[in-house]
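A quick write-up on the structure given underneath.
None of the figures in this text is laboratory data; all of them are computed from the coordinates on show. All values derive from a computational prediction rather than experimental measurement. Note: ideal-geometry Cβ built from the backbone for every residue, glycine included; neighbour counts use all protein chains shown.
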Amino acid sequence: MTQYLISFNDGAMDHIPGEDMPDVGKAAHAAVQEAVNAGVWVFGAGLERQRASVVATDGMVTDGPYPETKEIIGGFVVVDVASREEALAWAAKFAGACRCAQEVRQLMPDPELDAMLRRADRRS
């Protein structure tokens, strides 16, 4: 299985009237429940708007907002599926539920991290 990040940009849902947001929330949670039931859900969340901090390699912290930034992630889901086509199908479900386009990107595999996690599991 391969993990995919499905995300949407901050502001992508701004076109939705406030009175429709409870219905959008219900639809989004139904899509999440479907992913959980299918066993593909890994993690997901909405992100606070423009509340980012950037930590430099020297430890210096710069707090946003960053108006020069063109695109900021507004929310995301990580799914673990067998193929890109399956990830795109899940993205379509989330796009319909959230009423906004979704970007799909494959997460890079990390065999060393996988080995670390297996060792940690054996110690538990």
Hits in segment 1-20 (condition: surrounded by fewer than 13 Cβ atoms within 10 Å (Cβ to Cβ) and of a type in the set (A, V, I, L, M, F, W, C)): Met1
Scope segment 81-94; condition surrounded by 17 or more Cβ atoms within 10 Å (Cβ to Cβ) and either closer than 29 Å to Ser53 by Cβ or among the aliphatic types (A, V, I, L, M) (or both); matching residues: Val81, Ala87, Ala91, Phe94
Residues satisfying the stated conditions in segment 4-43, i.e. within 14 Å of the chain's Cα centre (by Cα), part of a loop (DSSP other than H, G, I, E, B) and more than 16 Å from Ala87 (Cβ to Cβ): Asp10, Ala12
When you check Ala56 against the structure, is it touching a Ser or Thr at 6+ places or on another chain (Cβ under 8 Å), over 24 Å from Leu107 (Cβ atoms) and surrounded by fewer than 18 Cβ atoms within 10 Å (Cβ to Cβ), yes or no? yes
